[in-house]
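The values are calculated or read from the model by the stated rules, or taken from the named source; none is laboratory data. All values derive from a computational prediction rather than experimental measurement. As a convention, Cβ positions derive from the backbone with ideal geometry for all residues, glycine included, and neighbour counts pool all protein chains shown. Ligands, DNA and RNA are excluded from the accessible area calculation, which covers all protein heavy atoms including side chains. Shrake-Rupley method; radii C 1.70, N 1.55, O 1.52, S 1.80 Å.
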Amino acid sequence: MKFLEKYINAGRLKSPWVVHFDCGSCNGCDIEVLACLTPVFDIERFGIINVGNPKHADVLLVTGTVNHRNAEVLKNIYDQMPDPKAVIAIGACACSGGVFRDCYNVLGGVDKVIPVDVYAPGCACRPESIIDGVVMALDVVKAKLGLGPMPKVRILGVQTSDEVDPATGLPFGATQEEKSEVAS
Amino acid sequence: MTTLILALVGLVLAPVVGGYIAGLDRRLTARLQSRMGPPLAQPFYDVLKLWGKASNVSHPWLVFSAYMYLVSSALSVFILFTGGDLLLLFFVLTVGAVFQVVGALAVNSPYSQVGAQRELLQMLAYEPVLILVFMGIFLGSGSFAVADIFKLESPLLCSMPLLYIALGYAFTIKLRKSPFDIAASHHGHQELVKGVQTEYSGRELAMLEVAHWFDVVLMLGLCAIFWHTNVIGMAVLLIVTYIVEVLVDNISARMTWQWMLKNALGFGLTLSLANILWLYVK
């Protein structure tokens with residue numbers, strides 16, 4: 001079975017089946033998730049299929065805030081997915097609670113209930129961002145399998161401290177002194 | 001002995017061919033919907049990934065049923081390749097279908113239960129048609145053995161075109177293509193989720209997928225019997241048949257089981273009986 005392991009890992013990275021759970025979203029992000037399936041974005045190119053069944057899925061896409069009522073449902077769906085699996089929080093609400101963060105019935109982002117691997121912010125999140133999120137989630141799965149480095153930042157659109165800012169030519173993590181030194 | 005070795009080689013090659021046909025099917029479907037579609041080897045990636053998933057079995061019967069379905073599909077392909085008896089093949093094929101229903105009924109999931117009921121109705125629709133096709137082949141060739149049919153001089157399609165169309169109905173129902181994908185669809189994000197396959201996951205689902213590839217090869221093999229005289233004619237017949245299947249799959253919506261029974265039994269049985277009557281009179 002050892003020789004199969006290599007091929008199984010190749011398969012894992014090439015066929016992420018997704019299941020989408022609307023945790024109380026305004027449907028803005030949901031529409032964008034569905035847009036990924038259309039001929040314009042065609043996520044099936046990457047082997048991604050929307051399976052609609054947690055028992056068949058590898059990646060859980062969650063949109064919307066978590067509240068006291070649906071936290072249990074979210075946990076249940078997550079538990080039904082067989083390992084290895086990944087979770088992507090899609091949209092501002094799923095990442096942090098968004099504008100509903102302080103509502104009396106809202107617990108906050110998805111990570112209050114289940115572990116989140118990738119955050120894809122946006123209101124609404126763009127389909128390109130969702131596809132990027134799935135690709136980044138594959139990097140996370142890869143790292144968990146011990147096949148590569150763990151992505152430094154798991155929030156889409158946020159630079160790591162050693163990435164170079166094209167405007168200044170310095171890393172994003174550069175200190176104020178280093179920046180002023182270059183400016184002078 | 002040579003037959004046995006060839007049949008064993010066929011048994012090993014069948015899932016490979018079936019997998020690539022499934023990949024081609026997905027690609028063709030994507031092109032028909034003006035999409036790019038996944039790589040040709042995508043079904044293999046899917047099955048390998050499913051094989052490596054953690055076990056998540058909701059009922060022991062699911063595992064047993066998955067094995068039985070895979071064994072029955074593989075065995076029916078083996079019987080076909082050894083030139084065996086069509087009636088035996090029919091019964092072995094039925095065992096697989098029955099075990100799919102047994103597995104789906106063992107769990108409480110409503111999707112699975114509804115899928116199982118619909119799978120039984122599908123069997124009710126395609127099995128009479130299939131058995132009449134085999135009867136027609138018997139009337140045309142004088143034997144149920146595939147090996148004997150291959151000794152005939154003229155292709156069966158010339159004397160039984162209506163039976164071939166009836167076989168097309170059985171083909172579409174057995175492979176769960178639209179408009180007959182009522183028990184389990186290839187598109188799992190719909191009202192029935194995955195029907196009979198909803199509760200299977202990981203390794204068991206991978207086995208169902210491989211069994212499905214065997215079924216594709218088996219159905220294409222049954223179609224190939226209708227033009228056994230030369231390889232080119234056989235290939236043309238199979239390619240045309242499969243492209244028509246993919247086309248029908250894409251241009252039609254899923255229909256109800258009542259519609260399926262009316263159509264498959266109405267047209268299928270009428271076409272096959274008409275052809276059998278003609279063979280009998282001739």
* Quick one: would you say B:Arg35 is of a type outside the set (Asp, Glu), at the interface with chain A (Cβ under 10 Å from one of its Cβ atoms), open to solvent by less than 40 Å² (accessible area, probe 1.4 Å) and in contact with an Asp or Glu (Cβ under 8 Å, 6 or more places away or on another chain)? -> yes
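Select, from B:Tyr169, B:Tyr164, B:Tyr200, the only residue that is touching a residue at least 24 places away in the same chain (Cβ under 8 Å), within 14 Å of chain A (Cβ to nearest Cβ) and crowded, with 18+ Cβ neighbours inside 10 Å. If you could, list the steps in order and put the result at the bottom.
On the way: B:Tyr169 fails: within 14 Å of chain A (Cβ to nearest Cβ); B:Tyr164 fails: within 14 Å of chain A (Cβ to nearest Cβ).
Checking each option against the conditions leaves just B:Tyr200.
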* Does any residue of segment A:23-31 turn out to be of a type in the set (Asp, Glu), surrounded by 18 or more Cβ atoms within 10 Å (Cβ to Cβ), outside any helix (DSSP H, G or I) and within 14 Å of another protein chain (Cβ to nearest Cβ)? -> no
* To do: Would you confirm whether any residue within segment A:32-52 is modelled with pLDDT under 90, farther than 24 Å from B:Gly195 by Cα and in contact with a strand residue (DSSP E or B) (Cβ under 7 Å, 6 or more places away or on another chain)?
  => no
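Can you tell me which residue in segment B:60-94 is surrounded by the most Cβ atoms within 10 Å (Cβ to Cβ), limited to those that are of a type in the set (A, V, I, L, M) and closer than 24 Å to B:Gly142 by Cβ?
Step one: list which residues in segment B:60-94 are of a type in the set (A, V, I, L, M), which gives B:62-63, B:66, B:68, B:70-71, B:74-75, B:77, B:79-80, B:86-89, B:92-93.
When the remaining residues are screened for being closer than 24 Å to B:Gly142 by Cβ, the result is B:79-80, B:86-89, B:92-93.
On the way: B:Ile79: 21, B:Leu80: 22, B:Leu86: 22, B:Leu87: 14, B:Leu88: 14, B:Leu89: 23, B:Val92: 20, B:Leu93: 25.
My answer is B:Leu93.
Looking for whichever is of a type in the set (Val, Ile, Thr), open to solvent by 30 Å² or more (accessible area, probe 1.4 Å) and in contact (Cβ under 8 Å) with a residue 24 or more places away in the chain here; the options are B:Val248, B:Val236. Which one fits?
Matching residue, one of B:Val248, B:Val236: B:Val248.
Residue under question is A:Val141, and the condition is that it be within 14 Å of chain B (Cβ to nearest Cβ), outside any strand (DSSP E or B) and over 18 Å from A:Thr65 (Cβ atoms); does it hold? It would help to see each step written out before you state the result.
Details: within 14 Å of chain B (Cβ to nearest Cβ): yes; outside any strand (DSSP E or B): yes; over 18 Å from A:Thr65 (Cβ atoms): yes.
Judged against the criteria, A:Val141 is a match.
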* Asked: Between a first residue in segment A:40-53 that is at the interface with another protein chain (Cβ under 7 Å from one of its Cβ atoms) and a second residue that is among the basic types (Lys, Arg) and open to solvent by 20 Å² or more (accessible area, probe 1.4 Å), which pairs have beta carbons less than 9 Å apart while being 6 or more apart in sequence or on different chains?
  -> A:Asp42/B:Arg35; A:Glu44/B:Arg26; A:Glu44/B:Arg35; A:Arg45/B:Arg35; A:Gly47/A:Lys14; A:Val51/B:Lys194; A:Gly52/B:Lys194; A:Asn53/B:Lys194
* Mind counting the residues in segment A:35-58 that are within 21 Å of B:Gly52 (Cβ to Cβ), open to solvent by less than 10 Å² (accessible area, probe 1.4 Å) and among the acidic types (Asp, Glu)? => 0
* Asked: Taking segment B:117-141, which residues are touching a Gly at 6+ places or on another chain (Cβ under 8 Å) and small (Gly, Ala, Ser)?
  -> B:Ala125
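Determine which member of the set B:Val12, B:Val57 is among the β-branched types (Val, Ile, Thr) and more than 14 Å from every other protein chain (Cβ to nearest Cβ). Before you say what the answer is, go through the steps one by one.
Details: B:Val57 fails: more than 14 Å from every other protein chain (Cβ to nearest Cβ).
Going through B:Val12, B:Val57 in turn, the sole match is B:Val12.
Evaluate the following for B:Ile243: is it more than 14 Å from every other protein chain (Cβ to nearest Cβ) and either more than 27 Å from B:Phe138 (Cα to Cα) or of a type outside the set (A, V, I, L, M, F, W, C) (or both)? If you could, list the steps in order and put the result at the bottom.
Working: more than 14 Å from every other protein chain (Cβ to nearest Cβ): yes; either more than 27 Å from B:Phe138 (Cα to Cα) or of a type outside the set (A, V, I, L, M, F, W, C) (or both): yes.
Taking the combined requirement at face value, the residue satisfies it.
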* Cross-chain or 6+ apart pairs with Cβ under 7 Å, segment A:70-94 first and within 14 Å of another protein chain (Cβ to nearest Cβ), then among the small types (Gly, Ala, Ser) and not in a strand (DSSP E or B) -> A:Met81/A:Ala57; A:Pro82/B:Ala54; A:Pro82/B:Ser201; A:Pro82/B:Gly202; A:Asp83/B:Ala54; A:Ala86/A:Ala137
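How many residues are open to solvent by 20 Å² or more (accessible area, probe 1.4 Å) and outside any strand (DSSP E or B) when one looks only at segment A:59-100? Before you say what the answer is, go through the steps one by one.
First pass over segment A:59-100, keeping only residues open to solvent by 20 Å² or more (accessible area, probe 1.4 Å): A:67-70, A:72-73, A:75-80, A:83-85, A:92-93, A:95-96, A:98-100.
Imposing the further condition that a residue be outside any strand (DSSP E or B) reduces the set to A:68-70, A:72-73, A:75-80, A:83-85, A:92-93, A:95-96, A:98-100.
Number of matching residues: 21.
Look at segment A:1-16 and say how many of its residues are in contact (Cβ under 8 Å) with a residue 12 or more places away in the chain and more than 8 Å from every other protein chain (Cβ to nearest Cβ).
We begin by selecting, within segment A:1-16, every residue in contact (Cβ under 8 Å) with a residue 12 or more places away in the chain; these are A:9, A:12-16.
Still in the running and more than 8 Å from every other protein chain (Cβ to nearest Cβ): A:13, A:16.
Residues in segment A:1-16 being in contact (Cβ under 8 Å) with a residue 12 or more places away in the chain and more than 8 Å from every other protein chain (Cβ to nearest Cβ): 2 in total.
In the set B:Gln100, B:Gln122, B:Gln117, which member is open to solvent by 60 Å² or more (accessible area, probe 1.4 Å), at negative phi and either touching a residue at least 24 places away in the same chain (Cβ under 8 Å) or among the polar types (S, T, N, Q) (or both)? Quick ask: steps written out before the conclusion?
Numbers: B:Gln100 fails: open to solvent by 60 Å² or more (accessible area, probe 1.4 Å); B:Gln122 fails: open to solvent by 60 Å² or more (accessible area, probe 1.4 Å).
Step by step, each of B:Gln100, B:Gln122, B:Gln117 is checked, and only B:Gln117 is open to solvent by 60 Å² or more (accessible area, probe 1.4 Å), at negative phi and either touching a residue at least 24 places away in the same chain (Cβ under 8 Å) or among the polar types (S, T, N, Q) (or both).
Somewhere in segment B:65-87, is a residue within 30 Å of B:Gln113 (Cβ to Cβ) and within 14 Å of chain A (Cβ to nearest Cβ)? I'd like the intermediate steps shown before the answer.
Applying the first criterion (within 30 Å of B:Gln113 (Cβ to Cβ)) to segment B:65-87 yields B:65-77.
Going one step further and asking which of them are within 14 Å of chain A (Cβ to nearest Cβ), we end up with B:66.
Taking every residue of segment B:65-87 in turn, at least one turns out to be within 30 Å of B:Gln113 (Cβ to Cβ) and within 14 Å of chain A (Cβ to nearest Cβ).
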* Here are some residues: B:Leu11, B:Leu6, B:Leu24. Which one is open to solvent by less than 50 Å² (accessible area, probe 1.4 Å) and among the aliphatic types (A, V, I, L, M)? -> B:Leu11
